[in-house]
Amino acid sequence: MKRTSLRRSQAQEKKSALAHGGKRQPGSGSGWARKGDVRTKSTLIENKRTDARQITLKADHLEKIWFEAWSEGRRPLLEFELGGRCWVAQPRDDYLEDHGDGALADQTTMDGEGEVSGD
């Protein structure tokens, strides 16, 4: 990783830890003992960033984040910086449980085009 890219990634991790009330994992990305970039009491956060206008999310990577978090009794969260903006992704069930939107989710479905419709 280039020095500038490393600095930007470390800065993102610091901002993420501050925003979520967590702690940055020392040496994140370089070791095998403790996974993730930021830890809170209940969440394991993986940070990714790019200067490009797109990012690729692969199922294997999301499953890896999920497994690492749940093996520690934490919830997985992926925070990524794209186009200068910070985004957060997590499993839908966790989101709905955290935000109490389950009743709305039970009444709506996503069609093949990503449109929401009522039952």
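The values are calculated or read from the model by the stated rules, or taken from the named source; none is laboratory data. Remember, it's a predicted structure, so these values are computed and weren't measured experimentally. Don't worry about glycine lacking a Cβ; one is built from the backbone with ideal geometry, like all the others, and counts go over all protein chains shown.
When Leu18 is evaluated against the numbered criteria (1) aliphatic (A, V, I, L, M); (2) at pLDDT 90 or above; (3) assigned to a loop (DSSP other than H, G, I, E, B), which criterion, by number, is the only one it fails?
Of everything listed in (1) aliphatic (A, V, I, L, M); (2) at pLDDT 90 or above; (3) assigned to a loop (DSSP other than H, G, I, E, B), Leu18 misses just condition (3).
Could you please let me know if Gly100 is surrounded by fewer than 17 Cβ atoms within 10 Å (Cβ to Cβ) and modelled with pLDDT of 90 or more?
It is false that Gly100 is surrounded by fewer than 17 Cβ atoms within 10 Å (Cβ to Cβ) and modelled with pLDDT of 90 or more.
For region 21-36, give me the residue count where each residue is surrounded by 14 or more Cβ atoms within 10 Å (Cβ to Cβ) and either more than 17 Å from Leu77 (Cβ to Cβ) or modelled with pLDDT of 90 or more (or both).
Of the residues in that region, 2 qualify.
Mind checking which residues of region 43-71 are surrounded by 14 or more Cβ atoms within 10 Å (Cβ to Cβ) and of a type outside the set (Lys, Arg)?
As a first pass, look at region 43-71 and keep what is surrounded by 14 or more Cβ atoms within 10 Å (Cβ to Cβ): 43-50, 62, 64-66, 68-69.
Matches in region 43-71: Thr43, Leu44, Ile45, Glu46, Asn47, Thr50, Leu62, Ile65, Trp66, Glu68, Ala69.
Could we say that Leu78 is under 25 Å from Thr4 (Cα atoms) and exposed (fewer than 12 other Cβ atoms within 10 Å of the Cβ) here?
Values: under 25 Å from Thr4 (Cα atoms): yes; exposed (fewer than 12 other Cβ atoms within 10 Å of the Cβ): no.
So Leu78 does not fit the description; no.
Residues in region 77-98 that are of a type in the set (Phe, Trp, Tyr), within 17 Å of Ser16 (Cβ to Cβ) and outside any strand (DSSP E or B): how many? Show your work before the answer.
Taking region 77-98 and keeping what is of a type in the set (Phe, Trp, Tyr), we get 80, 87, 95.
Subset that is within 17 Å of Ser16 (Cβ to Cβ): 80, 87.
Add one more test, that the residue is outside any strand (DSSP E or B), and what stays is none.
Qualifying residue count, region 77-98: 0.
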